[in-house]
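Each reported figure results from applying straightforward, stated rules to the coordinates on display, with no laboratory input. Just so you know, these numbers come straight off a predicted model, no measurement behind them. In this analysis, Cβ positions are derived from the backbone assuming ideal geometry, glycine residues included, and neighbour counts consider all displayed protein chains.
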Amino acid sequence: MAREGIPSAVLLDALGTLVELERPWPRLTAELAARGVVIAEDDARAAMLAEMAYYRAHHDEARDWPSLKDLRRRCAGIVQERLRTSLPLADVEDALLAAIRFRAYPEVPAALARLRAGGARLAVVSNWDVSLHDVLERTELRALVDAVVISAELGVAKPDPAIFRAALRRLGAAAHQALHVGDSVEHDVAGARAAGLEAVLVARNGAQAPAGVRVVASLDGLLMT
């Protein structure tokens, strides 16, 4: 049983809630330079923003490792085309993957540990491809949660209530016992409320929440009474 003030189950978004993407274009510039291609950082930024837009539209196609490999190759093709480089696509892909790194927000590991110590069961619920498993391992967060539910694997994405219900089933929890924490009003807050969960908005950049929705600046805010 969870301690007073801590729910029995906490569902957590990944990007913007648990982890952040380190600025990738300086690394892409350096990785391409190491391969003999000199580009301006602004050009690398424009190419990566185009790649990110393509990725967001297609990430749920990467439900397993072969389909992830295909998606990564297509994303590298976007970068290759935008930069108009003759560098082989495989080399562009290697540079792109080397440039993309995620890190946990500073307070996250301790906050997750404290939630679990208080009796809460934790699940990551994310619109991501299958590589989220690796991201959570590399950021040392996987051992701090009990389940990981990924839209690409499940075939359902937030804000569809079904992805939240799948996470609750894995935790053995009911909606009234749980809350969901995320940084998107559209995907996290709306989806959680549709599934019958209390929603908490992580507003690291000052985002505004709908009336009646709790707002925290970081995961530390979940532990404040």
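Quick look at the values:
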{"read-out": "Between segment 35-109 and segment 165-225, the alpha-carbon center distance in angstrom", "value": "30 Å"}
{"read-out": "Extended-chain gain in nm, criterion 0.36 nm per residue less alpha-carbon gap, Arg45 and Glu20", "value": "7.3 nm"}
{"read-out": "Among Tyr54, Ala173, Pro66 - extreme Cα towards positive end, dipole of the chain, charges at beta-carbon", "value": "Ala173"}
{"read-out": "5 angstrom amide H check on His180, placed H, neighbours 5+ away", "value": "Leu11, Glu198, Ala199, Val200"}
{"read-out": "Sparse-neighbourhood loop sites, trypsin sites (Lys or Arg not before Pro) in segment 8-90 - DSSP loop, at most 11 other Cβ within 10 angstrom", "value": "Arg84"}
{"read-out": "Inter-label distance, nm, simple model (7 Å from Cα along the C-beta direction), Arg114/His133", "value": "3.2 nm"}
{"read-out": "Distance (nanometres) between label positions extended 7 Å along Cα→Cβ at Trp65 and Ala53", "value": "3.3 nm"}
{"read-out": "Most fluctuating residue given options Pro24, Pro88, Pro109, as computed from a GNM of the chain linking Cα atoms under 10 Å", "value": "Pro88"}
{"read-out": "Prolate/oblate/rounded call for segment 96-225, Cα gyration tensor, a/c under 1.5 rounded", "value": "rounded"}
{"read-out": "q = 0.10, 0.14, 0.18 Å⁻¹: log10 I(q)/I(0) that the Debye formula gives for segment 30-141, counting C-alpha atoms only", "value": "-0.39, -0.68, -0.95"}
{"read-out": "Tensor-based shape of segment 116-166 (alpha-carbon gyration tensor, a/c under 1.5 rounded, otherwise prolate or oblate)", "value": "oblate"}
{"read-out": "Net dipole in debye of the chain [+1 Lys, Arg Cβ; -1 Asp, Glu Cβ; about Cα centre; nearest 20]", "value": "400 debye"}
{"read-out": "From phi via Karplus (6.51, -1.76, 1.60), per-residue ³J(HN,Hα) for segment 129-139 in Hz, x at Gly/Pro", "value": "8, 4, 5, 4, 4, 5, 4, 5, 5, 5, 8"}
{"read-out": "Rg/Rh ratio calculated on Cα atoms of the chain (Kirkwood radius)", "value": "1.02"}
{"read-out": "Relative contact order (%) - the chain, alpha-carbon pairs under 8 angstrom, separation at least six", "value": "25 percent"}
{"read-out": "Furthest towards positive pole of dipole, Ala44, Leu18, Ile6, structure part the chain, Cβ charges", "value": "Ile6"}
{"read-out": "Charge dipole magnitude, Cβ of K and R +1, D and E -1 - segment 94-134, Cα centre, debye nearest 20", "value": "300 debye"}
